[in-house]
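Asker: The structure is given below, and queries will be raised subsequently.
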Amino acid sequence: MADLSDNQTSIRSEFADDPDMQDLVLEYINKMALRVEKMTAAYEQGEREQLIRLAHQLKGSGGGYGFPILTTLAGELEQTLLNLGEGGLDQAAEPFSALLDVCGRMAA
């Protein structure tokens, strides 16, 4: 699994300064390591359908927590996976890596 502590610039939530959203955003970010772990396991085990579901969930939730880039990248990964044949997930490596990078840089 990628080392998420070795990232560049943090990506802050659009709601970082909204006192009503701060706790929710922080909780969302705190659960991201588990989501990344599940996505990585699905990717490494070639579980395309599971990875599609996980990407779809992130696509739906990212913007709601102030991370539109998460929505964009998760959507790109989902679409790439949907367009893949029944082969390996190698063709999804680039969008998968980009999504994990953003997940590791999220900050309240």
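Please treat every number below as a calculation from the coordinates, not as lab data. Quick caveat, the model's predicted, so the values are computed rather than measured. For neighbour counting, all protein chains shown are included, and Cβ atoms are generated from backbone atoms with ideal geometry for every residue, glycine included.
Asker: Might you report the magnitude of the Cβ-based charge dipole of the chain about its Cα centre, with Lys and Arg at +1 and Asp and Glu at -1, to the nearest 20 debye?
Answerer: 120
Asker: Something else now. For each of Leu82, Leu99, count neighbouring Cβ atoms within 10 Å of the residue's Cβ, then give the residues from fewest to most.
Answerer: Fewest to most other Cβ atoms nearby, the residues stand as Leu82, Leu99.
Asker: Arrange Phe67, Phe15, Phe96 by Cβ neighbour counts within 10 Å, fewest through most, would you?
Answerer: By the 10 Å Cβ count, ascending: Phe15, Phe96, Phe67.
Asker: Compute the long axis of helix 93-105 from its Cα atoms, compare it with the longest principal axis of the Cα atoms of the chain, and write down the angle in degrees, 0 to 90, nearest 10.
Answerer: Long axis of 93-105 versus the principal axis of the chain: about 20 degrees.
Asker: To continue, here is another question. Which of the trypsin sites (Lys or Arg not before Pro) found in region 22-76 are loop residues per DSSP with 14 or fewer other Cβ atoms within 10 Å of their Cβ?
Answerer: Hits after loop and neighbour filter: Lys31.
Asker: Just to be sure I understand the model, the point goes 7 Å from the Cα along the line to the Cβ. What's the resulting Ser10 to Leu84 distance in nm?
Answerer: Result for the modelled spin labels: 3.3 nm.
Asker: Right, another one. Could I have the simple spin-label model distance between Lys38 and Asp23, label points 7 Å from Cα toward Cβ, reported in nm to one decimal?
Answerer: A separation of 2.3 nm, rounded to one decimal place.
Asker: How large is log10 of I(q)/I(0) for the chain at q = 0.15, 0.22 Å⁻¹ when the intensity is taken from the Debye formula with one equal scatterer per alpha-carbon?
Answerer: For the chain at q = 0.15, 0.22 Å⁻¹, log10 I(q)/I(0) is -0.58, -1.16.
Asker: Give me the number: length gained by fully extending Gln57 to Ala107, i.e. 0.36 nm times residue separation minus the C-alpha to C-alpha distance, one decimal in nm.
Answerer: The Gln57-Ala107 span can extend by a further 16.1 nm.
Asker: Thr72 to Gln45: extension gain in nm, 0.36 nm per residue of separation minus the Cα-Cα distance? Don't skip to the end; give the middle numbers.
Answerer: On the way: separation 27, 0.36 × 27 = 9.72 nm, distance 2.43 nm.
The Thr72-Gln45 span can extend by a further 7.3 nm.
Asker: Another question, if that's okay. Please report Ile29, Ile52 as a ranked list, fewest other C-beta atoms within 10 angstrom at the top and most at the bottom.
Answerer: Ascending Cβ contact count within 10 Å gives the list Ile29, Ile52.
Asker: A further question on this structure: Could you state the angle between the C-alpha long axis of helix 48-62 and the longest principal axis of the C-alpha atoms of the chain, as a value from 0 to 90 degrees rounded to the nearest 10?
Answerer: Result, in degrees: 20.
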